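Novice: The structure is given below, and queries will be raised subsequently.
The values are calculated or read from the model by the stated rules, or taken from the named source; none is laboratory data. Predicted, not measured: the structure shown is a model, and the values here were computed from it. Reconstructed Cβ throughout: ideal geometry from the backbone, glycine too, with neighbour counts over all protein chains shown. These accessible areas exclude ligands, DNA and RNA; they are computed on the full protein's heavy atoms, side chains included. Shrake-Rupley method; radii C 1.70, N 1.55, O 1.52, S 1.80 Å.
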Amino acid sequence: MKSRQVASLQPVQCDPPCHDRQNTMWFIRDACGIVCAIITWLLVMFAEFVVLFVMLLPTKNLTYSLVNGTIFNSLAFLALASHFRAMCTDPGAVPKGNATKEYIESLQLKPGQVVYKCPKCCSIKPDRAHHCSVCKRCIRKMDHHCPWVNNCVGENNQKYFVLFTMYIALISLHALIMVVFHFLYCFEDDWMKCSTFSPPATVILLILLCFEGLLFLIFTSVMFGTQVHSICTDETGIEQLKKEERRWAKKTKWMNMKAVFGHPFSIAWFSPFSTPDHGKADPYQYVV
């Protein structure tokens, strides 16, 4: 592969090893990604505004408003929490500048074993790791770089990205259903009584929400399905795109799901506040 080169035991010109400080928030300073992340939050806030102030608060049915308001706001909160965790969690970055002669010798490799060195970030490249040109780091089990979360989707934050796509798809579907019911309600009742806004403003806001909900429902549903398929087959998006040769052990689909969401299955799978236990596997794997 072009992005990999076998590291020899000759001196290499690397910067001093860079080990990220623990408990430091991970954040990528990419203008495009930051703008996309802000737009994502603004679109969710717009949906919140229309759902609450155009559809739920003006209705006469208190039970309908409370039930749907609780469901929508809970899903929206979980979606934004998942987005924040996906954006601010280290996706599995490999320490920079550790491909030095001294460090390679300290690994005490057996005869015939080789390590791969990334020439871009001068780090020892674990198996199944790829270099991201935006993050400027090698990422373990990198699936892709997503500008909407301003981060790579990798070994440590794939769970949060999957939850983000799932919850956005659910609130989009819920919003579309409420828009349909509200249109029917307004047609049967007086348009002046079904909203605190004027009829033209109400129609425009509902159409915009309908368009946003439909667009995001399709996009996030496809992304969610793609991610689940990638997890079940234990093959990242980059590996599928490059058609890389499989050199890792094949596991069952259920084991692959637990490897991403945690052991064992529990309600914590659906919580963006629960950090999955990925096990204690050595991140540096060698290929004989």
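Novice: So, V54, is that one assigned to a helix (DSSP H, G or I) and buried (at least 16 other Cβ atoms within 10 Å of the Cβ) or not? Working first, answer last.
Specialist: Values: assigned to a helix (DSSP H, G or I): yes; buried (at least 16 other Cβ atoms within 10 Å of the Cβ): yes.
The answer is yes for V54.
Novice: Any residue in region 136-148 that is at pLDDT 95 or above, surrounded by 24 or more Cβ atoms within 10 Å (Cβ to Cβ), closer than 30 Å to L56 by Cβ and not small (G, A, S)?
Specialist: Checking region 136-148: not a single residue is at pLDDT 95 or above, surrounded by 24 or more Cβ atoms within 10 Å (Cβ to Cβ), closer than 30 Å to L56 by Cβ and not small (G, A, S).
Novice: Please go through region 197-231 and pick out each residue that is without any contact (Cβ under 8 Å) to a residue 60 or more places away in the chain, surrounded by 15 or more Cβ atoms within 10 Å (Cβ to Cβ) and hydrophobic (A, V, I, L, M, F, W, C). Reasoning before the result, please.
Specialist: Within region 197-231, the subset without any contact (Cβ under 8 Å) to a residue 60 or more places away in the chain is 198-201, 203-204, 207, 210-211, 214-215, 217-223, 225-226, 229.
Subset that is surrounded by 15 or more Cβ atoms within 10 Å (Cβ to Cβ): 203, 210, 214, 217, 219-221, 223, 226.
The answer is V203, C210, L214, L217, F219, M223.
Residue-wise test of (1) surrounded by 14 or more Cβ atoms within 10 Å (Cβ to Cβ); (2) under 30 Å from D190 (Cα atoms); (3) out of contact with any Asp or Glu (no Cβ under 9 Å at 6 or more places or on another chain).
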{"residue": "L66", "(1), (2), (3)": "no, yes, yes"}
{"residue": "I71", "(1), (2), (3)": "yes, yes, yes"}
{"residue": "C88", "(1), (2), (3)": "yes, no, yes"}
{"residue": "E105", "(1), (2), (3)": "no, no, yes"}
{"residue": "Q113", "(1), (2), (3)": "no, no, yes"}
{"residue": "S123", "(1), (2), (3)": "yes, no, yes"}
{"residue": "V134", "(1), (2), (3)": "yes, no, no"}
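Novice: Ok, one more. Somewhere in region 18-41, is a residue modelled with pLDDT of 75 or more, surrounded by 16 or more Cβ atoms within 10 Å (Cβ to Cβ) and over 23 Å from N157 (Cβ atoms)?
Specialist: Among the residues of region 18-41, not one is modelled with pLDDT of 75 or more, surrounded by 16 or more Cβ atoms within 10 Å (Cβ to Cβ) and over 23 Å from N157 (Cβ atoms), which makes the answer no.
Novice: Could I ask something else about it? Filtering region 73-86 down to residues that are of a type outside the set (A, V, I, L, M, F, W, C) and surrounded by fewer than 16 Cβ atoms within 10 Å (Cβ to Cβ), which residue is farthest from F273 (Cα to Cα)?
Specialist: Narrowing region 73-86 to residues of a type outside the set (A, V, I, L, M, F, W, C): 73-74, 82-83, 85.
Now drop any that are not surrounded by fewer than 16 Cβ atoms within 10 Å (Cβ to Cβ), which leaves 73-74.
Details: N73: 17, S74: 14 Å.
This residue is N73.
Novice: Kindly provide the set of residues from region 152-167 that are open to solvent by less than 10 Å² (accessible area, probe 1.4 Å) and either touching a Leu at 6+ places or on another chain (Cβ under 6 Å) or not charged (D, E, K, R) (or both), ordered by number.
Specialist: As a first pass, look at region 152-167 and keep what is open to solvent by less than 10 Å² (accessible area, probe 1.4 Å): 152-154, 157, 159-163, 165.
Within region 152-167, C152, V153, G154, N157, Y160, F161, V162, L163, T165 qualify.
Novice: Name the residue that is farthest from Y160 (Cα to Cα), counting only residues in region 87-107 that are over 20 Å from the mean Cα position of the chain (by Cα) and small (G, A, S). Write out each step before concluding.
Specialist: At the first step, the residues of region 87-107 found to be over 20 Å from the mean Cα position of the chain (by Cα) are 95-107.
With the extra rule that they be small (G, A, S), the set shrinks to 97, 99, 106.
On the way: G97: 28, A99: 31, S106: 35 Å.
Ranking the qualifying residues of region 87-107, first place goes to S106.
Novice: Kindly indicate which of F27, F84, F77 is part of a loop (DSSP other than H, G, I, E, B) and within 19 Å of the chain's Cα centre (by Cα).
Specialist: Details: F84 fails: part of a loop (DSSP other than H, G, I, E, B); F77 fails: part of a loop (DSSP other than H, G, I, E, B).
The unique qualifying residue is F27.
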